[in-house]
1. Could you check Leu395 against (1) within 51 Å of the chain's Cα centre (by Cα); (2) within 30 Å of Tyr135 (Cβ to Cβ); (3) surrounded by 14 or more Cβ atoms within 10 Å (Cβ to Cβ) and say which number it fails?
2. What about Thr271, is it in a helix (DSSP H, G or I) and in contact (Cβ under 8 Å) with a residue 40 or more places away in the chain?
3. Please name all residue pairs, on different chains or six or more residues apart, with Cβ atoms under 7 Å, provided the first residue is in region 287-311 and is under 22 Å from Arg211 (Cβ atoms) and the second residue is open to solvent by 80 Å² or more (accessible area, probe 1.4 Å) and part of a helix (DSSP H, G or I).
4. Being at pLDDT 85 or above and among the β-branched types (Val, Ile, Thr) is the filter; apply it to region 224-250 and report the residue that is surrounded by the most Cβ atoms within 10 Å (Cβ to Cβ).
5. In this structure, is Arg317 of a type in the set (Lys, Arg), open to solvent by 60 Å² or more (accessible area, probe 1.4 Å) and more than 27 Å from Glu182 (Cβ to Cβ)?
6. Is there a residue in region 339-356 that is surrounded by fewer than 16 Cβ atoms within 10 Å (Cβ to Cβ), of a type in the set (Ser, Thr, Tyr) and within 45 Å of the chain's Cα centre (by Cα)?
7. On the given criteria, is Ala253 in a helix (DSSP H, G or I), among the small types (Gly, Ala, Ser) and either under 60 Å from the mean Cα position of the chain (by Cα) or at pLDDT below 85 (or both)?
8. Looking at Arg176, Arg186, Arg198 in this structure, which one is surrounded by 13 or more Cβ atoms within 10 Å (Cβ to Cβ), modelled with pLDDT under 95 and either under 20 Å from Ala319 (Cα atoms) or of a type outside the set (Val, Ile, Thr) (or both)?
Amino acid sequence: MASRSASQSRKSRRPDGEGPTEDQMEQPTRRLRKREKRQARQDDGDPAGEQASEGGTPVSGDAAVGSAISKGAGAAAGAASGMGKSIMGGYRALRQVREANKQLATAQAEQKKIMAGLDEDRAMLAHREDITRNYAQIMATQTTERDTAQSAADDAGKRAEKITAERDQIVQDLTRLKADNENKLRPYRNLMESSKGRADDTAKSLANSRRALKACEGEVSAATKRREQRIQAANQAVDNAQERLRRVQAELADMKADSEAAPGAVAKMQTEVQAEEAHLETARQDVTRITREAQADVDSAQQHLWERQKLTDEAERLASSAKTEANSHKSEFDRMFKAAQSSEKNLDDAIKAREATLKEIAKQREAAEKRVREATEAITEATEIHGHPETTAGLRERIANEEQDLADKQAEVSDLTKSVRGLKHSTRGMRAAFIATVIVVLVVVIALLWYFVMAPGAAGIQ
């Protein structure tokens, strides 16, 4: 009843609880309409309008006109005042609806919070009651689980200790084996490296010998070419000497046949013939000498080439032998090294296998210890709940209070919902009028702005 009367009281007042109601805000409009009707009757010649004033006392014609003007101004002022009050009423209605919605949202949030706390407490109560009912069974089951898990954890710890000891022993064996293998491999490594060094040296010697052999071949070729050139030049000198001898002999014969030839000239030509014969003989001797000397140079170069070839062949034999020896020692070392690596790998694999086992045992132990903790926590919780029934009773009482609070809050939300709905319905006209007025004002302002801003510009363009 109190809620209904409060709702009726709100409907009879403005949305904010202050100022006139809708009927009161419409009264100035009604008065304005009555005055307009009365003024219209006066304009139509109504004698009652000419003879009556607001107090009912007859007045003169001029006084009636003045009274009518005064009444019109008062009516316009009343209309403007009524419109202003209507706008303010619409604004207050919008604000009242917004505040009512805010109160409703706050109440709904508080309702959700109460419901969440109530659900949590109900779940906790159900859990405590379930443990109370099954306390003996829970204690027996969880005790067995704890003992079993503890035994599994202890067994995993023992196995881990055993595997750890085996792994450490294998690590020691692997360290010792690596040291033994290194001692065994050291002589073979040194032999392999020394034989490789000899092979590299002989390979370098062979390369140098081959370069020298190629140089000797070049020397033979050059000596042969020089021999041919010198012999050719000597033979050309012989040919030239023979040509000159034949020419002076022919001139001497012509002079002897000429009876008019001077004896002195003939004698001189004979001396020239003798000189040319001596030159020819010298040229022939030079051919023999040059041929002998050039051939000796060629023979010497060929001898050097042959000796260098023998040295190169020996270098090739030594290099091949050293390479074969180095390959043999390397093969032997590789074989022994692979055998050592294989034996070390077996121990290394054994270490890795035990480490993998230790990781698996660690997981099993961790899982068992987790079971022990969970069982211990369950036993502790069951013991606490069983030993403190007053806590469960207090939880029941708190749930009852929360249920009452929820019921009250639900009723409050229901009342606020109805109030908001009624407020929206009762103020729909004022809110719509306010929104329409705001729109009209905005349109007028925009039109005025356009007129004062755009119109002068348009006039200037024309």
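The values are calculated or read from the model by the stated rules, or taken from the named source; none is laboratory data. Fair warning: this is a prediction, and the values are worked out from it, not measured in the lab. Cβ atoms come from the backbone with ideal geometry, glycine included; neighbour counts cover every protein chain shown. Remember, those area values only see protein heavy atoms, side chains included, never the ligands or the DNA or RNA. Shrake-Rupley method; radii C 1.70, N 1.55, O 1.52, S 1.80 Å.
1. (1)
2. Considered against the rule, which asks whether it is in a helix (DSSP H, G or I) and in contact (Cβ under 8 Å) with a residue 40 or more places away in the chain, Thr271 comes out as no.
3. If the second residue must be open to solvent by 80 Å² or more (accessible area, probe 1.4 Å) and part of a helix (DSSP H, G or I), the pairs left are Ala301/Glu219; His304/Glu219; Leu305/Glu217.
4. Ranking the candidates gives Val238 first.
5. So Arg317 fits the description; yes.
6. For region 339-356, residues surrounded by fewer than 16 Cβ atoms within 10 Å (Cβ to Cβ), of a type in the set (Ser, Thr, Tyr) and within 45 Å of the chain's Cα centre (by Cα): present.
7. Details: in a helix (DSSP H, G or I): yes; among the small types (Gly, Ala, Ser): yes; either under 60 Å from the mean Cα position of the chain (by Cα) or at pLDDT below 85 (or both): yes.
Considered against the rule, which asks whether it is in a helix (DSSP H, G or I), among the small types (Gly, Ala, Ser) and either under 60 Å from the mean Cα position of the chain (by Cα) or at pLDDT below 85 (or both), Ala253 comes out as yes.
8. Numbers: Arg176 fails: surrounded by 13 or more Cβ atoms within 10 Å (Cβ to Cβ); Arg186 fails: surrounded by 13 or more Cβ atoms within 10 Å (Cβ to Cβ).
It is Arg198.
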